[in-house]
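Peer 1: So that we are looking at the same thing, I have put the structure below in structure tokens.
Here, each number is a calculation from the coordinates, and none is a lab measurement. Every value quoted in this text rests on a predicted model; they were computed, and no experiment measured them. Cβ sites come from the backbone with ideal geometry, for glycine too, and all protein chains shown count toward neighbours.
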Amino acid sequence: MTAVTHVRSRTAVLAHENIDTDRIIPARFLTTTERAGLGRYAFNDWRWRADGTPNPEFVLNQPMARGCEILVAGRNFGCGSSREHAPWALVDYGFRAVLSSEIADIFRNNALKNGLLAVVLSEAEHRYLLDHPGIELAIDVAAQTIELPDGGRFTFALDPFAKHCLIAGVDQLGFLVGHERDIARFEQAREAA
Amino acid sequence: MAARTLFDKLWDAHVVRPETDATPAILYVDLHLIHEVTSPQAFAELRARGLTVRRPERTLATLDHSTPTTPHDDLGQPVYASEEAAAQVAELERNCAEFGIRLNGWDSEHRGIVHVIGPELGATQPGMTIVCGDSHTSTHGAFGALAFGIGTTEVGHVFATQCLLQQKPKSLAIHVDGALPAGVGAKDLILHVIGKIGVNGGTGHVIEYRGEAIRALSMDERMTVCNMSIEAGARAGLIAPDETTFAYLKGRPLAPQGAAWDRAVDAWKTLRSDDGATYDREVRIDARAVRPTVTYGTHPGMAIALDAPVPAAASLQERRALDYMRVEAGRPVAGMPVDVVFVGSCTNSRIGDLRDAADVLRGRRLDPRVRMLVVPGSVAIKREAEREGLDQVFRAAGAEWREPGCSMCIAMNGDLAQPGQLVVSTSNRNFEGRQGPGARTVLASPAVAAASAVAGVVASPQSLSQQPLSQEQAA
Ligand code: SF4
């Protein structure tokens, strides 16, 4: 996993509430056995028309969204299926951070494990970002802050272990494997019981 | 010790290393279920790191998501929707062989939807922690197991260490008081609950379903309830095990036998929330007020009694949902013309569900405009239904009797609805495009689904007023 310490970008805003992971990547693209290359399917059925041409109405197809690394999404983003293909697709597309007032549990877990910073903001902060699409934000992971163009600043909560992994660019498996002795002891104690 | 909830007990019994200020808890996993869609990248990770599956005997695999529900071809081979789907299945077969994992594959009597076969085999047991790269793992909570969905990276964690890093979720008690009215079932109840608490009502929580109406449910019905916990955003759903649970499990192939069975039941009896245990949140639902319930929008929280008027859109979002569904505020969902009916999925594909649908269809015929697919949850359920003659009932009514799998619940195996078609579906998600691009989904119970197939419009069984045709008339 590549380290994520800072994200500086304009925002793309998808204000819809309850954007589910079927919406982020439809199930028909899940027959892959790879993680790479899913970016072209991100928000597929919004992004592409039936004839394969881009849907000009869709936010991410508009010029101002080009190159945006921060997605501001409506409440309860990432609900539904546990498919990790959803964060894989968003990362492959180019997003580094997703901001919402509420993010579904499994999606948030999956995102953080793939270097996609999933940040939950207060209703008021969230509303401000929804109302100001395209503003430039500077996210500092270590400081857990988001700086706004007008000098304002939001702070956000982040699980310390996920933060450590993001900043160091390490995944969590190494930590688990490092506790092999604890795991073996647990298994023995249970078998003895 | 302080009074603990069922969830506390399950959690405490599986903590390998407690949570610290810097790190989450390490939680032990008793049973790891896998399928073809969310496992290949995890196996690839194992190989890349030179790791192995720590406890293959605690891992159980099946084929369900991308598998066809049509009969095998003349050469006895499955007819996949795409080469990719075939390759994905072949990869799971190879991975299971290489890592020594038991696969309920094409030749197995117990191949089927992952959340159907775990319980059916008796692999799902009270007191366990159960995970799967699939959000409907919450189904297994019906047995008093802590069961939840994980991502593929975590599938890799469990392969390598039989453990997960977890922060303890909060607890939410949903008390369902009173008895469900006649003709109202588990699916109506859970849709009603999600309609009340919302699609994010359970986020960050493990739900324990309690109360008279829950205790009265069969295991099949309890699984329907726990299955949809995730649709309220919950991490997991739980029901304390009781005699109903033990009776279901007794004699199943992977359940404990003989003296081990007696010991197990004694231990399982302690798996209940202590009197005086407190929850982070509690909700009360009156079972007597639940009616046949369906969804009218594009998420499972947009649920309402079948005959109640659809509420006016409260937001732009809801406006869009009503437009997509072509539903009119102020009018009920009942009466909307139906194109496809799907009975299946890990929510409603067990034998009790098939019986419910068959009871409505017996001696009746589908409306000629309706296509109906009945997809049993597993090979064993299919056989049982055939022993009972349910397949004959479905076929005589004009429905398609298919091979087991996820099918039109997720529409990645070629079973899908066309743009604009309305599907009355016993599955769990009515998201835009879930059952095919542009398809519209109304979630319902098996009985309502079957009645809608007969009426050609969304309908309750009670509204099919005429007596069923006699067998001769139906033929
Ligand atoms: S039946 Fe549907 S919800 Fe259940 S496991 Fe299969 S795809 Fe997922």
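Peer 1: Beta carbons within 10 angstrom, averaged per residue: use that to sort the peptides B:438-450, A:55-67, highest first.
Peer 2: Details: B:438-450: 28.4, A:55-67: 13.5.
The densest-packed peptide leads the list: B:438-450, A:55-67.
Peer 1: Shifting gears a bit: Towards the positive end of the charge dipole of region B:1-138, with charges on Cβ (+1 Lys, Arg; -1 Asp, Glu), say which of B:H115, B:H65, B:P126 has the farthest Cα.
Peer 2: Positive-most Cα among the choices belongs to B:P126.
Peer 1: To continue, here is another question. So for chain A, taking the charge dipole from beta-carbon charges (+1 Lys/Arg, -1 Asp/Glu), which of A:G152, A:S101, A:I135 sits furthest toward the positive end?
Peer 2: Of the candidates, A:I135 comes out farthest on the positive side.
Peer 1: Do any GluC sites (Glu not before Pro) in region B:58-128 lie in a DSSP loop with no more than 16 other beta carbon atoms within 10 Å, and if so, which?
Peer 2: Counting only loop positions with at most 16 other Cβ atoms within 10 Å, the GluC sites (Glu not before Pro) in region B:58-128 are B:E109.
Peer 1: Take each of the peptides A:26-33, A:153-160, average the number of other beta-carbon atoms within 10 Å over its residues, and list them starting from the highest.
Peer 2: Ranking the peptides A:26-33, A:153-160 by packing returns A:26-33, A:153-160.
Peer 1: Using the eigenvalues of the Cα gyration tensor, what equivalent ellipsoid semi-axes result for region B:345-475 when each is taken as the square root of five times the eigenvalue, whole Å, largest first? List each step's numbers first, then the result.
Peer 2: On the way: eigenvalues 101, 64, 29 Å².
In descending order the semi-axes read 22, 18, 12 Å.
Peer 1: Also: So what's region B:157-246 giving for Cα Rg divided by 2.2 N^0.38 Å, two decimals?
Peer 2: Working it through for region B:157-246, the quotient is 1.18.
Peer 1: Given H placed on each backbone N at 1.01 Å, which residues far from A:K113 in sequence or on other chains put an amide H within less than 5 Å of it?
Peer 2: Answer set, sorted by chain and number: none.
Peer 1: Continuing with this model, one more query. How many partner chain Cβ atoms sit within 10 Å of a residue's Cβ in peptide A:101-111, on average, as a whole number? Please list the in-between numbers first.
Peer 2: Working: counts 0, 4, 2, 7, 13, 11, 2, 2, 9, 5, 1.
Shielding by partners across A:101-111 averages 5.
Peer 1: Can you list the chymotrypsin sites (Phe, Trp or Tyr not before Pro) in region B:31-126 that are in a DSSP coil and have 14 or fewer other beta carbons within 10 angstrom?
Peer 2: Here no loop site has a sparse enough neighbourhood.
Peer 1: Can you give the three extents of the C-alpha atoms in the protein assembly as shown along their principal axes, from longest to shortest, in whole Å?
Peer 2: Principal-axis extents of the Cα atoms in the protein assembly as shown, largest first: 77, 63, 58 Å.
Peer 1: Can you flag which of B:K9/B:K187; A:K113/B:K9; B:K9/B:K170; B:K9/B:K168 are past 20 Å Cα-Cα?
Peer 2: Distance filter (> 20 Å) returns B:K9/B:K187; A:K113/B:K9.
Peer 1: Please list, in chain and number order, the residues 5+ apart from B:T441 or on another chain whose amide H is under 5 Å from its amide H, with Hs placed from the backbone.
Peer 2: B:V423
Peer 1: Below 8 Å, C-alpha to C-alpha, sequence gap of six or more: please give me the relative contact order for chain B in percent.
Peer 2: 17
Peer 1: Where does helix B:152-161 land angle-wise versus the long Cα axis of chain B, in degrees 0 to 90, nearest 10?
Peer 2: 40
Peer 1: Specify whether the C-alpha gyration tensor of region A:1-99 places it in the rounded, prolate or oblate class, a ≥ b ≥ c being the square roots of the eigenvalues: rounded for a/c under 1.5, otherwise prolate if a/b is larger than b/c and oblate if not.
Peer 2: Rounded shape, in that the Cα axes give a/c under 1.5.
Peer 1: Hey, another quick one. Please report the spacing between the Cα centers of region B:437-465 and region B:15-69 in Å, no decimals.
Peer 2: Spelled out, the Cα-based centre of one part sits 38 Å from the other.
Peer 1: In addition: Over chain A, what relative contact order in percent results from Cα pairs under 8 Å that are six or more residues apart?
Peer 2: In percent, rounded to a whole number, it is 27.
Peer 1: Would you mind giving the three semi-axes, in whole Å and largest first, of the ellipsoid equivalent to chain B according to its Cα gyration tensor?
Peer 2: 34, 27, 22
Peer 1: Antiparallel versus total DSSP beta bridges in chain B: what percent is that, nearest 5?
Peer 2: On the way: 11 of 52 bridges.
Approximately 20 percent, going by the DSSP bridge assignments.
Peer 1: I've got another one for you. Once the other residues with Cβ under 12 Å from the Cβ of A:R75 are scored (Lys, Arg +1; Asp, Glu -1), what is the net sum?
Peer 2: Result for the local shell: -2.
Peer 1: Calculate the length of the line joining the C-alpha centroid of region B:128-143 to that of region B:188-227, in whole Å.
Peer 2: 14
Peer 1: Per the Kirkwood treatment, what hydrodynamic radius in Å, one decimal, follows for region A:6-192 from the mean inverse distance over all distinct Cα pairs?
Peer 2: 17.6
Peer 1: Here's something else I'd like to know. Cross-link candidates for B:K269: which aspartates and glutamates have Cα within less than 13 Å, leaving aside residues fewer than 8 places away along the same chain?
Peer 2: Counting by Cα, and skipping residues close in sequence, B:K269 has these aspartates and glutamates nearby: B:D242, B:E243.
Peer 1: Just report the Cα centroid separation between region A:10-58 and region B:392-419, whole Å.
Peer 2: The distance from the Cα centre of region A:10-58 to that of region B:392-419 comes to 26 Å.
Peer 1: Expressed as an acute angle from 0 to 90° and rounded to the nearest 10, what is the orientation of the C-alpha long axis of helix B:83-99 relative to the principal long axis of chain B?
Peer 2: 30
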